[in-house]
Amino acid sequence: MRGLYLVTPNWDDTDKLLDVSEQALDAGLALLQYRHKNADAALRREQASALLELCRKYGCPLVINDFVELCLNLDADGVHVGGTDASVAQMRAALGPDKIVGASCYGDMALARAALRDGASYVAFGGFYPSLVKKYPVTTAPAIVEEAKLAIALPCVVIGGMTPENAAPLVARGADMVAAISSVYLAPDPGAAVRNFQLLFTSQEAH
């Protein structure tokens, strides 16, 4: 797990969602998360199912935000849980050993250690910067990335207002994946936006 972790916006327009997502997938993603907090069950299933088909075409894992039943019904690659959702342990028990279970840990190493103990596949920290999409306190200290890399043997994701420019110092500190929404979905050229994020990781490997 290394590279850009793309999270979908709350778009009801499925055709538009699929078009931009495919441009991003074609440019190369580490992971795609389907997240639509306002969709009804029918729209959520329609969009997740279509995205899963695209992800299979491009060889990219698809995780579903929170809805474990949807993940199981579609046989998606896993789920992501936030601090107020079901626990990592519950998700791991429901999905078995082979699916991805990601955990939001905000700026809290105790949550990250608990996620590791309960069977998480990766831990996500943030917000580091103000987001156009999600409202949260921007209080996560960049040093948590290094702390997590030393203490927790799991891939580390950074989230919150990410652009290639402001994500660069976090990748330099050891972040394995950068999660983004608006920087790709609202970009004039989504594929180019993805490639700009991926350059953070190729330049890091060159050092």
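Key figures
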{"item": "Count - residues of the range 197-207 that are open to solvent by 80 Å² or more (accessible area, probe 1.4 Å) and either at pLDDT 95 or above or touching a Gly at 6+ places or on another chain (Cβ under 6 Å) (or both)", "result": "1"}
{"item": "Residue that is surrounded by the most Cβ atoms within 10 Å (Cβ to Cβ), among those in the range 142-158 that are over 19 Å from the mean Cα position of the chain (by Cα) and among the aliphatic types (A, V, I, L, M)", "result": "A151"}
{"item": "Residues satisfying the stated conditions in the range 31-59, i.e. at pLDDT 95 or above, out of contact with any Pro (no Cβ under 9 Å at 6 or more places or on another chain) and among the charged types (D, E, K, R)", "result": "D40, R44, R45, E46, E53, R56, K57"}
{"item": "Residue check for L170: modelled with pLDDT of 95 or more, in a helix (DSSP H, G or I), surrounded by 17 or more Cβ atoms within 10 Å (Cβ to Cβ) and touching a strand residue (DSSP E or B) at 6+ places or on another chain (Cβ under 6 Å)", "result": "yes"}
{"item": "Of the criteria (1) open to solvent by less than 70 Å² (accessible area, probe 1.4 Å); (2) within 19 Å of T202 (Cα to Cα); (3) not in a loop (DSSP other than H, G, I, E, B), which one C60 fails", "result": "(3)"}
{"item": "Hits in the range 1-16 (condition: in contact with a helix residue (DSSP H, G or I) (Cβ under 8 Å, 6 or more places away or on another chain), within 21 Å of I100 (Cβ to Cβ) and not in a loop (DSSP other than H, G, I, E, B))", "result": "G3, L4, L6"}
{"item": "Enumeration of residues in the range 88-107 that are part of a loop (DSSP other than H, G, I, E, B) and loosely packed, with under 15 Cβ neighbours inside 10 Å", "result": "G96, P97, D98"}
{"item": "Residues of the range 136-188 satisfying the condition of being in contact (Cβ under 8 Å) with a residue 12 or more places away in the chain and among the acidic types (D, E)", "result": "E146, E147, D176"}
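The values are calculated or read from the model by the stated rules, or taken from the named source; none is laboratory data. Computed from a predicted structure; not experimentally measured. Reconstructed Cβ throughout: ideal geometry from the backbone, glycine too, with neighbour counts over all protein chains shown. These accessible areas exclude ligands, DNA and RNA; they are computed on the full protein's heavy atoms, side chains included. Shrake-Rupley method; radii C 1.70, N 1.55, O 1.52, S 1.80 Å.
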